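A quick write-up on the structure given underneath.
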Amino acid sequence: MSRATFMNFGRLANTNVCSKNREWKLISFMNGKDIFYSTSCLTKIAITPKCLCSIHIRTFINIFNTGENNQKLYRVKQLIGYSPEQMFDVIQDTENYKHFLPFCRKSVDLVKGKNHRKTYLEIGIPPIIESYVSHITFQRPHMIKAECRDGTLFKFLITQWNCDPGLKENPNTTIITFFVSYEFKSPLHSAVANRFFNELVKQMEQAFFSEAGKRYGKPCIKAQKL
């Protein structure tokens, strides 16, 4: 490609003409190379008489704002060796979460109603710590649902437990369905926290079963994922 061709390309780019759906601007001339910048894809190209090389710019926004849906979902279903009433009592004991849930630093019941509750929770691993009021609704002994509505870290956080009867011949068994859906407000928090948050959720789930063991003894059957 001739030098004249490149110079023509430079004049077009300098007038903000789009080439292949990208808008190029001539931003500098250095060491015999015309340096162009694309405002649409954050890319620089260096043009020389003999070659065309592309240099991608990785910026803070590029790394953390991918344009992807940041909503996350965790769901597990399993048969366990405790009754629905036993598991319900462990799960709804929100004020004692600080004593048996990993990464739960504080838990204080603010409102206690017949079928609802508001609990102040502080969870997380420094430097990412979230404090919020969990709005809890439940139907004994089958369902407990908790929603974060006023947190600074999460756009939303929904946790739900369903405790359904297990084996017909064994009333001390339960089919547990554990569901967590969440999205961080900040793309930066999402990029950092997603690396460990799923593991945190798994550990929290297991903590409820461990607490049931402390209260009621060994399960009557080995847990089985469904």
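The values are calculated or read from the model by the stated rules, or taken from the named source; none is laboratory data. No experiment lies behind these values; they were computed from the predicted model shown. FYI the Cβ positions are ideal-geometry reconstructions off the backbone, even for glycines, and counts take in every protein chain you see. Areas reflect the complete protein model, heavy atoms only, side chains present, ligands, DNA and RNA absent. Shrake-Rupley method; radii C 1.70, N 1.55, O 1.52, S 1.80 Å.
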- [ ] With a 1.4 Å probe and every protein chain left in place, tell me how much accessible area L226 has, in Å² to the nearest 10.
- [x] 120
Task: Karplus (6.51, -1.76, 1.60) ³J(HN,Hα), θ = phi - 60°, over the range 142-159, in Hz, Gly and Pro reported as x - done: 9, 8, 9, 10, 10, 10, 9, 10, 9, x, 8, 8, 9, 5, 7, 8, 10, 10
TODO: Provide Rg over Rh for the range 154-210; use the alpha carbon set for both Rg and the Kirkwood Rh (inverse mean inverse pair distance).
DONE: 1.14
Open item on the list: Keeping every protein chain present and rolling a 1.4 Å probe, give me the accessible area per residue for the range 95-195 in Å².
Closed with: 53
Open item on the list: At a 10 angstrom cut-off on C-beta neighbours, averaged per residue, how do the peptides 80-92, 131-143 rank from highest to lowest?
Closed with: 80-92, 131-143
Open item on the list: Need the full-extension length gain, K118 to Q139, defined as separation in residues times 0.36 nm minus the C-alpha distance. One decimal, nm.
Closed with: 6.0 nm
TODO: Based on the mean of other Cβ atoms within 10 Å per residue, sort peptides 144-151, 117-124, 163-170 so the most packed one is first.
DONE: 117-124, 144-151, 163-170
Open item on the list: Distance cut-off 21 Å, Cα to Cα: go down the list K118/K155; K168/K214; K77/K118; K77/K145 and report the pairs above it.
Closed with: K168/K214; K77/K118
Task: Proximal aspartates and glutamates relative to K112, as straight alpha-carbon distance under 16 Å, when same-chain residues fewer than 8 apart are discounted - done: D89, D93, E95, E147
